[in-house]
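These notes concern the structure reproduced below.
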Amino acid sequence: MKWEREIPLKGRYDLVVCGGGFAGFAAAFAAAREGVRTLLVEQGFCLGGVGTSGLVNHILGVRFREENKVRTCVKGLFAQLEEELIREGDGVDYRSVAPDFNPHGWKPSLGVGLIFDNEAMKLLLEKKLTEVGVEILYGTRLIDVEGEPQRAERVLLHNKNGLFFVEADLFVDATGDGDLCALAGLPFDFGDEEGGLSAASLEMHVENVDSDALGDYMRQTGDLRFVKIISELKEKGLWPFPYEIFISVLLTAPGVYMINTIRQVGIDGIDAASLTQGVLDGRRENYELLSVMRAHFPGFQNARIRQIAPTIGIRETRRIRTVETLKIIHLVEAASFEDSIALSGYSWDMPHPKKPSHQPYHGVKRKSRIAEIPYRSLLPQGAENVLVVGRCIGAEREALGAVRVMGPCIAMGEAAGIAAHLALKEGVGFPEISATELKRMIEARGGLTSRSQVSE
């Protein structure tokens, strides 16, 4: 069936960022801060992606605990967000909680992230973009990409106003799924060798939790993820779920917890029918899980659901093939890159597609917890004016698990925004900008680009 229509051109920008998650937000902010005329396109109606609409109010990968010391590896724009949230009482300062028992993460390695208030974060991200002049367009979907084989010229968008084109000199794919790159015909990898994908999660927040009872159980048993209780429930036929751990995170309000527990296998994050089924099943499963929690988990006897996320959380789909692929061996051997532009302090985290509580690389030693992310992993093969940021950068899937979380995504996005400024200033494509100058500018704005800069 053929369909033809005259489609209007509704604007021209220096940079168009597709996707308003933390990576896209950071890219748009950093570019506009340098004077780049920037449009950010987001299909939802808030910024922050899975961190806000997905209710994952816990930014990880920014710090880690090593030899009883906390090392910080993401600063720059993230540090600005954290400072403002904590100052306004909308974020939890990890230093204010005992390191050996932190209900905002339980496990010591997770107790040094940033817990934030969901609505306050949405407002802060919008405020930051407005201050630097980014034009935000909500409720708008990317439909197609037009241009030459190596150079995108315009994107076809759709919202309540209908179909329209927007032109730009530069583009950043921050869709999480690599949609812009895929529509432009750029190569990508998908899932594991058989196309299997790590489980999805429709998150929920619960309230009216007895934190004292929950904490007492944790202290007395050391069973931080209720493995013992779940094992007993399985033996009795009272645990119908495919996962074997329970993850709860205290948020900014007393007795309110994020439950990052359900793991939904077989969900394809780039298939609408699969996503729909994931939301339908996930909503029902959260209520089923709550019933088990109230009956068997200390502290949750009177818990009730406060909110179920309107957006399902996806851990992986496409990984764009880039000039440099971040590899497992790079993490194991603590590789350094001359063009490193961001760091991550996160551990292995890409659960097995069919066994969602199993981490295939758990226990594989790394010479350093800090992963360096090269600029070339943001450069799609065969593209002159497109960068990719977030969980669809060029990486082997197990390596991606160590850099896909929100902290390093903010750092990647900030680097991409600065790269856009340099490309326009130098009159070149993204592959031709000076990596040395890019690193210098990131560091001048408070960011970290190499392992040697990490401090307490």
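The values are calculated or read from the model by the stated rules, or taken from the named source; none is laboratory data. Since the structure is predicted, the reported quantities are computational estimates derived from the model, not experimental observations. Cβ atoms come from the backbone with ideal geometry, glycine included; neighbour counts cover every protein chain shown.
Table for the structure above
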| read-out | value |
| --- | --- |
| Residue identified as touching a Leu at 6+ places or on another chain (Cβ under 8 Å) and within 24 Å of residue 196 (Cα to Cα) among 364, 389 | 389 |
| Which listed residue, of 414, 372, 398, is in a strand (DSSP E or B), among the acidic types (Asp, Glu) and either without any contact (Cβ under 8 Å) to a residue 60 or more places away in the chain or assigned by TED's automatic domain parsing to the domain that holds residue 81 (or both) | 372 |
| Residue within region 235-258 that is at negative phi, surrounded by fewer than 20 Cβ atoms within 10 Å (Cβ to Cβ) and free of Cβ contacts under 8 Å to residues at least 12 places away in the same chain present | yes |
| Residue under evaluation residue 324, criteria (1) in a strand (DSSP E or B); (2) more than 15 Å from residue 176 (Cα to Cα); (3) charged (D, E, K, R), criterion not met | (1) |
| Subset of region 354-377 [over 15 Å from residue 454 (Cα atoms) and within 19 Å of the chain's Cα centre (by Cα)] | 356, 359, 374, 375, 377 |
| Residues located in region 210-247, provided they are out of contact with any helix residue (DSSP H, G or I) (no Cβ under 6 Å at 6 or more places or on another chain), assigned to a loop (DSSP other than H, G, I, E, B) and farther than 18 Å from residue 105 by Cβ | 210, 236, 237, 238, 240, 241, 242, 243 |
| Condition check for residue 41: within 29 Å of residue 443 (Cβ to Cβ), over 16 Å from the mean Cα position of the chain (by Cα) and either at pLDDT below 95 or not basic (Lys, Arg) (or both) | no |
| Contacts under 7 angstrom Cβ, first residue in region 122-134 being closer than 16 Å to residue 410 by Cβ, partner in a helix (DSSP H, G or I) and not aromatic (Phe, Trp, Tyr), 6 or more apart | 124/81; 124/84; 124/85; 129/28; 132/32; 132/33; 134/28; 134/32 |
| Out of 152, 182, 200, 174, sole residue that is out of contact with any helix residue (DSSP H, G or I) (no Cβ under 7 Å at 6 or more places or on another chain) and crowded, with 22+ Cβ neighbours inside 10 Å | 152 |
| Considering residues of region 311-326 that are under 15 Å from residue 269 (Cα atoms) and not hydrophobic (A, V, I, L, M, F, W, C) only, the residue surrounded by the fewest Cβ atoms within 10 Å (Cβ to Cβ) | 311 |
| Residues being farther than 18 Å from residue 18 by Cβ, of a type outside the set (Phe, Trp, Tyr) and buried (at least 22 other Cβ atoms within 10 Å of the Cβ) - total across region 370-395 | 7 |
| Which listed residue is assigned to a strand (DSSP E or B), surrounded by 24 or more Cβ atoms within 10 Å (Cβ to Cβ) and either in contact with a helix residue (DSSP H, G or I) (Cβ under 9 Å, 6 or more places away or on another chain) or not assigned by TED's automatic domain parsing to the domain that holds residue 170 (or both), from 40, 55 | 40 |
| Evaluation of residue 403 against (1) part of a loop (DSSP other than H, G, I, E, B); (2) surrounded by fewer than 24 Cβ atoms within 10 Å (Cβ to Cβ); (3) among the hydrophobic types (A, V, I, L, M, F, W, C) (one fails), failing number | (2) |
| Residue 331 being more than 16 Å from residue 392 (Cα to Cα) and buried (at least 23 other Cβ atoms within 10 Å of the Cβ) | yes |
| Condition broken by residue 358, with the remaining ones in (1) of a type outside the set (Phe, Trp, Tyr); (2) crowded, with 24+ Cβ neighbours inside 10 Å; (3) without any contact (Cβ under 8 Å) to a residue 12 or more places away in the chain satisfied | (2) |
| Region 56-113, subset on the phi < 0 side of the Ramachandran plot and acidic (Asp, Glu), residue nearest to the chain's Cα centre (by Cα) | 82 |
| Members of region 207-219 found to be closer than 26 Å to residue 280 by Cα and surrounded by fewer than 23 Cβ atoms within 10 Å (Cβ to Cβ), listed by number | 207, 208 |
| Matching option when the condition is of a type in the set (A, V, I, L, M, F, W, C), in contact with a Gly (Cβ under 8 Å, 6 or more places away or on another chain), touching a residue at least 40 places away in the same chain (Cβ under 8 Å) and within 23 Å of residue 314 (Cβ to Cβ), among 45, 64, 101 | 45 |
| Only listed residue being closer than 18 Å to residue 166 by Cα, of a type in the set (Lys, Arg) and assigned to a strand (DSSP E or B), chosen from 12, 5, 71 | 12 |
| Qualifying strands (runs of 3 or more DSSP E) (wholly inside region 83-182; at least 2 residues being of a type in the set (Phe, Trp, Tyr) and in the same structural domain as residue 47 (by TED's automatic domain parsing)) | 162-173 |
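Yes/no per residue for (1) more than 23 Å from residue 178 (Cβ to Cβ); (2) among the acidic types (Asp, Glu); (3) in contact with a Gly (Cβ under 9 Å, 6 or more places away or on another chain):
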| residue | (1), (2), (3) |
| --- | --- |
| 337 | no, no, no |
| 351 | no, no, yes |
| 355 | yes, no, no |
| 358 | yes, no, no |
| 363 | yes, no, no |
| 376 | no, no, yes |
| 391 | no, no, yes |
| 403 | no, no, yes |
